[in-house]
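Participant: Just passing along the structure, written as structure tokens.
The values are calculated or read from the model by the stated rules, or taken from the named source; none is laboratory data. Note that the coordinates shown come from a computational prediction; the quantities given were computed from them, not determined experimentally. Cβ: placed from backbone, ideal geometry, glycine included. Neighbour counts: every protein chain shown. Just so you know, the surface numbers come from the protein's heavy atoms only, side chains and all, with ligands and any DNA or RNA stripped out. Shrake-Rupley method; radii C 1.70, N 1.55, O 1.52, S 1.80 Å.
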Amino acid sequence: MRNKISLLTLSIAVFSANLVRADGRDYALEQTAIRQAAAAVADSVVQIHTVGGFERIGETMTSQGPATGLIITPDGYIVSSAFNFAQRPSSILVGMPSGKQVPAELVARDLNRMLVLLKVAVDEQLPVPTFVPEREMAVGQWSLALGRTFQTDKVDTSLGIISALQRMHGRVVQTDANVSAANYGGPLVDIRGRVLGILVPMSPQPTGGGAESEVAGAEFYDSGIGFAVPLEHVLTVLDRWKAGEDLLPGKLGIGMKAGSAFVEPPAIVTVWPGSPAAEADWQAGDTIIAVDGKSVTTQSQLQYQTKPLYAGDKLTVSLRRGTGDKAEEFDSEITLAAELPAFRHAFLGILPATPDEKQPDKEITAPGVVVGHVWPESPAASAGIRAGDRLTKLGDTQIANLAAAIVVMKALQPEEKITIVVVRDEKELKLTAELTTVTEVILSSIDLGNEEKVASSEPRELETLKLPQFPQEAKFLAPEKESAAPGLLIWLAEKGEKDEAALAKAWQASCDAEGMVLLLARPGGENGWEFEDLEYLDQLARTARGRFDADPQQTVIAGSGKAGQLAYALGLRRAEDFSGVIADNAPLPRTMKIPENSPGAALSLLTILPANSSFAPLVKQDIAQLRKAGFPVSVLERPAATDDNQQLDATTRAAITRWIAGLNRL
Amino acid sequence: MNRTLCQIVCPLALLVVLVDFTRAAAADLHEVVRQTQQKVVKIYGAGGLKQMEAYQSGILVSPEGHVLTVLSYVLDTDDLAVVLDDGRKFQPERIGTDPLRELALLKLPLEEGETLPYFDLRQRPEVEIGDRVLALSNLYGIAAGDEPVSVLQGALTAIAPLDARRGSFTTNYHDDVYVVDAYANNPGAAGGALVNWQGELLGLLGKELKSRITGTWLNYALPTANFAESVDNMIAGRANNIEPPSQLPEESLSTELLGIRLIPDVLRLTPPYIDAVRRGSSAESAGLRPDDLIVFAGGKQIASCRALVEELSYHDQRDEIPLLVLRDGGIVEMVLKLAPEAPAEATGETEP
């Protein structure tokens, strides 16, 4: 029988030139080849069960069913997709080829290629597949995506071709076979039954801020664009991986000119303090011209050289400094870092005067920034700056107005020494200050206007703001006096209209005093705030900013409990759009990765903790983490809420208002 | 014929046949598709509102014009129209339904003696994972004129029990389905045909469903073997509308009966750790101990406290439940069986 088949195969092979005439394909032979290719690897494809863990990661539900892995060494190392472990399971079980279930240990992750390495104890040699060297792969060749999710006794098979090599900056091959939670972690196999790579989801656009998520790209499942990390690569890093070291994306620590990565040259605009680039003494204005001898002329080309590398990898970068005749070129040895020290904004310690506080005389039109308040023990206080001074020069730059001062401050760093020119009693004074990181102290000296007067004023009617694509309405209260660019306080109201009226009444005075719009948002569902409401809040915030022409320096999102978690989620994700997040009695959402503070944003956080809050330990942990990520976190303690009065007390409200007013600081 | 000659001639003869056959098969794919399209119909009926398409697909299952399709709101109209691949239009009669499989049988009013091409449901071609398949259907209603249905190609991904939901409802049908890697189950495709590359029927394309296992949209078909008898019943006028059998036994097992107390169930995916085992209970005799993590019960993976409680409820109190338990990093196997005279009122507990 076997003899006959081989004869058949031979004859078909010999005469295949003839067959091509029909339409170029031999279907029966293809069918056999496909079955054999899958069978050749099937024994190494294992089913993985996980126990416990999170229900969702961000907005992605973690998959509930069994997942797939691939045995890569006879002594029990198994590779799988990080997607399958994003829920952080408490236990992992692997169904071995013998049918036995064995517990597995997660050895390490590869968060640059979104893989994990598992280890099981074995008492027998396990079947290991052969790999296809990357140089042998070709676009257009058959590829089979295998999983062991739907069935335990057979492998799930999807058929396709290799669509591209070296995708995602050289990290993966691309296939048009169906790739989804049904086979993430399984192999992509060639028609000869050899493994091309390990199937993973991967997103071309990393989600803003921090590291890429393990579930990023999963939304493109079964789309005709699937990815696999070459097994050849996995084997080259296996020894490093076996040591239990997580493999992380490597960072240089430079900011480059904004614009198209395919056009703009890799010219350095910012060098992150404490980064590998800073340690190698790279400077703003330098241009990268080659990496490890390979010339790069665009930012995209630079990414192709650096993205496949891991933290800890060394590379030689050639740079050009200066222009024209003065240009010099030099090589720089650099070791990529896993994490950059958190970015921290510089702080001088002054709060500009609001129009009311300014002297009602000719000085109003004079250039500069009039100082309203000085933070005690701040750089400004040490330098001798006083309320009423007019700041006209920061460092070497003349300051025309507040906006100009903000731009100058953004380019400065903590611990920098600068000279400052202020005008006091029509005399110029030259002072020096050593900048610090942004304060977390809430000014106690800000006069909030006549509280009694405003508090006794009649509560005004709330107006309605409705987004057409969402069912719920939001209510808002505009300040009594119109101002050009008011502040915007978005409060996530918890309990319907009664709560809204109480909130509006409580905040009206503060909002009038600060010239701030109060926007009260409602959850979409009956059960209070849910993470599904984030999309609504995002849209609502955008719409409101446009409609009220709100001051970006004073756009704050606030909430209590679950709503506070949502405020964190949205504020941290859209750090460029908010200046503050107020979270009352709320820990961070448990599955949220804290993004890094970035120079482009200026987000401050205010955490309010009621006495006896059961969240206190969590919240304290979160504060430490947020500070580590570079965000200033102010903390307020307040009396415990009682059942009949859930509203914040007046003292806490006043402190919140002063905190919001203080966001305008330099 | 001597042996040597045979060794030369036989392969050659075979080769000629084979070459002819393969060449024919390749050249005939077009012909296969054309013939198969004639057995797949477009059905237009009720709907038309948002995400409620007013069309679906059907297959001819007898020469007399019996059309099998899925049971849906589309059929809820007196104005139902069945359109053949050449554009001929019929107002069909409803013959029967199968609520469990969500199928409906229609009959076209044909002229005396007129016959149509059809799929023979007694034919059950062999099929294996990885085999290439074609899906023919009225997907997205794009075949709007006097034209045949759309054809998609793909491979058979899996043969597995249907574990899926529509919105938050799980389906009644839990038998095997063919999972394919073509985007076969889009709006309007339900009721279409899944065939092999010889045009032989493998199954009926189902409604749009999300897999509970992967959380992704499924592309699948009900295998012919799982509905052929139901179709026979409908043609013969025999009732098919049996209620789905109750899934729960009369007397279900429970953690309480077995003497197991799990750790407090605070998350949706709280791992099913044993908190305490009642003294003298069936759990104790089986060898369960506090801090054991139950990972498999009755052959099913148990990912949470809730899953264990649910799994036990499917078992009768007389059942033996094989368990896999994770203890000190190793797997321990045991069998849980309720002791006949288990003292339900016993209270002593062995604390962890």
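Residue-by-condition table, conditions (1) crowded, with 20+ Cβ neighbours inside 10 Å; (2) more than 13 Å from chain B (Cβ to nearest Cβ):
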{"position": "A:GLU105", "(1), (2)": "no, no"}
{"position": "A:ASP110", "(1), (2)": "yes, yes"}
{"position": "A:LEU115", "(1), (2)": "yes, yes"}
{"position": "A:ASP123", "(1), (2)": "no, no"}
{"position": "A:PHE131", "(1), (2)": "yes, yes"}
{"position": "A:ALA138", "(1), (2)": "no, yes"}
{"position": "A:ALA164", "(1), (2)": "no, yes"}
{"position": "A:GLN174", "(1), (2)": "yes, yes"}
{"position": "A:ASN183", "(1), (2)": "yes, no"}
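Participant: Got a sec? Which strands (runs of 3 or more DSSP E) wholly within region A:118-184 have at least 2 residues that are assigned by TED's automatic domain parsing to the domain that holds A:ALA37 and farther than 20 Å from A:ILE71 by Cβ?
Facilitator: Working: elements: A:142-147, A:156-166, A:172-175.
Output list reads A:156-166, A:172-175.
Participant: Turning to a different aspect of this structure: More than 14 Å from chain A (Cβ to nearest Cβ), open to solvent by 50 Å² or more (accessible area, probe 1.4 Å) and in contact with a helix residue (DSSP H, G or I) (Cβ under 7 Å, 6 or more places away or on another chain): does that describe B:ARG124?
Facilitator: Spelling it out, B:ARG124 is indeed more than 14 Å from chain A (Cβ to nearest Cβ), open to solvent by 50 Å² or more (accessible area, probe 1.4 Å) and in contact with a helix residue (DSSP H, G or I) (Cβ under 7 Å, 6 or more places away or on another chain).
Participant: While we're here: Any residue in region B:251-265 that's among the β-branched types (Val, Ile, Thr): show its pairings with residues that are in a helix (DSSP H, G or I) and at pLDDT 90 or above at Cβ separation under 6 Å, as long as the two are six or more apart or on different chains.
Facilitator: Short answer, once both residue conditions are applied: B:ILE260/B:ALA283.
Participant: Further question: Can you name the residue in region B:209-225 that is under 19 Å from B:VAL133 (Cα atoms) and of a type in the set (Ser, Thr, Tyr) and is also farthest from the other protein chains (Cβ to nearest Cβ) among such residues?
Facilitator: B:THR224
Participant: Quick check on my filter: what residues within region A:92-103 are open to solvent by 30 Å² or more (accessible area, probe 1.4 Å) and not in a loop (DSSP other than H, G, I, E, B)? Give the steps one after another, and end with the answer.
Facilitator: Our first condition is that a residue be open to solvent by 30 Å² or more (accessible area, probe 1.4 Å); within region A:92-103, this holds for A:97-101, A:103.
Correct list: A:GLN101, A:PRO103.
Conditions tested, residue by residue: (1) outside the structural domain of A:PHE83 (by TED's automatic domain parsing); (2) in contact (Cβ under 8 Å) with a residue 60 or more places away in the chain; (3) open to solvent by 40 Å² or more (accessible area, probe 1.4 Å).
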residue	(1), (2), (3)
A:ALA218	no, yes, no
A:HIS233	no, yes, no
A:PRO249	yes, yes, yes
A:GLU279	yes, no, yes
A:VAL291	yes, no, no
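Participant: Restricting attention to strands (runs of 3 or more DSSP E) lying wholly within region B:159-252, give those where 1 or more residues are assigned by TED's automatic domain parsing to the domain that holds B:LEU75, within 17 Å of the chain's Cα centre (by Cα) and charged (D, E, K, R).
Facilitator: It comes to B:164-166, B:176-180.
Participant: Just name the residue that is least open to solvent (accessible area, probe 1.4 Å) out of those in region A:313-338 that are of a type in the set (D, E, K, R) and not in a strand (DSSP E or B).
Facilitator: A:ASP313
Participant: For region A:152-162, give me each residue that is open to solvent by less than 10 Å² (accessible area, probe 1.4 Å) and at the interface with chain B (Cβ under 7 Å from one of its Cβ atoms).
Facilitator: Hits for region A:152-162 are A:ASP156, A:THR157, A:SER158.
Participant: I'd like the residue in region B:325-340 that is open to solvent by less than 30 Å² (accessible area, probe 1.4 Å) and assigned to a strand (DSSP E or B) and, out of all such residues, is farthest from the other protein chains (Cβ to nearest Cβ). Give the derivation first.
Facilitator: Pass one, region B:325-340, residues open to solvent by less than 30 Å² (accessible area, probe 1.4 Å): B:325-326, B:330, B:334, B:336, B:338.
Then drop every residue that is not assigned to a strand (DSSP E or B), which leaves B:325-326, B:330, B:334, B:336.
Numbers: B:VAL325: 11, B:LEU326: 6, B:GLY330: 7, B:MET334: 13, B:LEU336: 17 Å.
The qualifying residue farthest from the other protein chains (Cβ to nearest Cβ) is B:LEU336.
Matching residues to (1) open to solvent by 20 Å² or more (accessible area, probe 1.4 Å); (2) at pLDDT 90 or above; (3) among the aliphatic types (A, V, I, L, M):
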site: B:LEU84; (1), (2), (3): no, yes, yes
site: B:LYS89; (1), (2), (3): yes, yes, no
site: B:ILE95; (1), (2), (3): yes, yes, yes
site: B:PRO99; (1), (2), (3): yes, no, no
site: B:LEU103; (1), (2), (3): no, yes, yes
site: B:GLU114; (1), (2), (3): yes, yes, no
site: B:ASP120; (1), (2), (3): yes, yes, no
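Participant: Just give me the residues in region B:277-306 being assigned to a strand (DSSP E or B) and either within 14 Å of another protein chain (Cβ to nearest Cβ) or surrounded by fewer than 19 Cβ atoms within 10 Å (Cβ to Cβ) (or both), in sequence order.
Facilitator: Those that are assigned to a strand (DSSP E or B) and either within 14 Å of another protein chain (Cβ to nearest Cβ) or surrounded by fewer than 19 Cβ atoms within 10 Å (Cβ to Cβ) (or both): B:LEU293, B:ILE294, B:VAL295, B:PHE296, B:ALA297, B:LYS300, B:GLN301.
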